[in-house]
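Undergrad: Below is one structure. I have some questions about it.
The values are calculated or read from the model by the stated rules, or taken from the named source; none is laboratory data. Just so it is clear, the model here is predicted, and its values are computed rather than measured. Note: ideal-geometry Cβ built from the backbone for every residue, glycine included; neighbour counts use all protein chains shown. Keep in mind that these areas ignore ligands, DNA and RNA; they rest on the heavy atoms of the full protein, side chains included. Shrake-Rupley method; radii C 1.70, N 1.55, O 1.52, S 1.80 Å.
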Amino acid sequence: MNTLTSDRLAELIDGLAGLPYGGEPVDQRTHALQTARLAVAAGADDELVVAAALHDIGRAKQVRAEHPGLPHELAGAEWARRHLGERAAWIIAQHVPAKRYLVATDPAYHALLSRASIASLKVQGGPMDATEAAAFAAHPLAEDAVSLRRWDDAAKDPQGPVLETAELVATYERCVAAAGSPE
């Protein structure tokens, strides 16, 4: 794993400020930090909080340049695999399939989606079929991906609370320290 410096993480997050977020009323930075805040409020572990903050990092100019042509979730997963590890990479890669899964399995979920998210759902393949849903649900990290998806959907409030960048950096530093310590 190629560890990301704390300063570089802060620069990446701050570099998302002002970038449009697909027709949503928040910019990408607010969305990232609001998603992380919701993860913290739900009691997520540090690694899941960091993955929540960085779930759309595949939209960042630098990451898109490193992985041209990949959908944002896969570009973000490739980036995360190098800098965060396999668990975060899988969760980031699966936040789009998790939307497809939830639409297929939770009758109330579709009504929670924004117009922009409904439009992107069509491009992303629509609801999963029963075979896809069963395979997704069987993965040991599926619950984490579903949690991230729900925080992602809720993190579109221009007035909503966000995780401060300094708190995200501290969370990331705890992840790095835990990864480096013997079990």
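Undergrad: How many of the residues making up region 123-161 are over 12 Å from the mean Cα position of the chain (by Cα), within 13 Å of Lys99 (Cβ to Cβ) and among the β-branched types (Val, Ile, Thr)?
TA: Count: 1.
Undergrad: Scan region 55-69 for residues that are touching a His at 6+ places or on another chain (Cβ under 7 Å) and in a helix (DSSP H, G or I) and jot them down. Don't jump to the end; show me each part of the working.
TA: Of the residues in region 55-69, the ones touching a His at 6+ places or on another chain (Cβ under 7 Å) are 55-56, 58-59.
Within region 55-69, Gly58, Arg59 meet the criteria.
Undergrad: On to the next question. Give the residue, chosen from Asp45, Asp14, that is open to solvent by 30 Å² or more (accessible area, probe 1.4 Å), free of Cβ contacts under 8 Å to residues at least 24 places away in the same chain and not hydrophobic (A, V, I, L, M, F, W, C).
TA: Values: Asp14 fails: free of Cβ contacts under 8 Å to residues at least 24 places away in the same chain.
Within the list Asp45, Asp14, the selection yields Asp45.
Undergrad: Tell me, which residue of region 1-49 that is assigned to a helix (DSSP H, G or I), among the β-branched types (Val, Ile, Thr) and in contact with a helix residue (DSSP H, G or I) (Cβ under 9 Å, 6 or more places away or on another chain) is nearest to Thr171 (Cα to Cα)?
TA: Quick first cut of region 1-49, residues assigned to a helix (DSSP H, G or I) only: 6-14, 28-41, 46-49.
Subsequent filtering for residues that are among the β-branched types (Val, Ile, Thr) retains 13, 30, 35, 40, 49.
Those left that are additionally in contact with a helix residue (DSSP H, G or I) (Cβ under 9 Å, 6 or more places away or on another chain): 13, 35, 40, 49.
Working: Ile13: 14, Thr35: 14, Val40: 10, Val49: 8 Å.
That would be Val49.
Undergrad: How many of the residues in region 167-177 are in contact (Cβ under 8 Å) with a residue 12 or more places away in the chain and either surrounded by 19 or more Cβ atoms within 10 Å (Cβ to Cβ) or farther than 17 Å from Gly43 by Cβ (or both)?
TA: Of the residues in that region, 7 qualify.
Undergrad: Also: Can you tell me how many residues in region 70-80 are assigned to a helix (DSSP H, G or I) and open to solvent by 10 Å² or more (accessible area, probe 1.4 Å)?
TA: Taking region 70-80 and keeping what is assigned to a helix (DSSP H, G or I), we get 72-80.
Add one more test, that the residue is open to solvent by 10 Å² or more (accessible area, probe 1.4 Å), and what stays is 72-74, 78.
Matching residues across region 70-80 total 4.
Undergrad: Across region 18-42, what is the number of residues that are on the phi > 0 side of the Ramachandran plot and in contact (Cβ under 8 Å) with a residue 24 or more places away in the chain? So that I can check it myself, show each step before the final result.
TA: As a first pass, look at region 18-42 and keep what is on the phi > 0 side of the Ramachandran plot: 18, 22-23.
Checking the rest, the ones that are also in contact (Cβ under 8 Å) with a residue 24 or more places away in the chain come to 22-23.
Final tally of qualifying residues: 2.
Undergrad: Considering only region 88-159, give the helices (runs of 4 or more DSSP H) lying wholly within it that have at least 1 residues that are among the aromatic types (Phe, Trp, Tyr) and open to solvent by less than 50 Å² (accessible area, probe 1.4 Å). Break it down into steps so the answer makes sense when it comes.
TA: Working: elements: 95-105, 115-123, 130-138, 142-154.
The qualifying helices (runs of 4 or more DSSP H) are 95-105, 130-138, 142-154.
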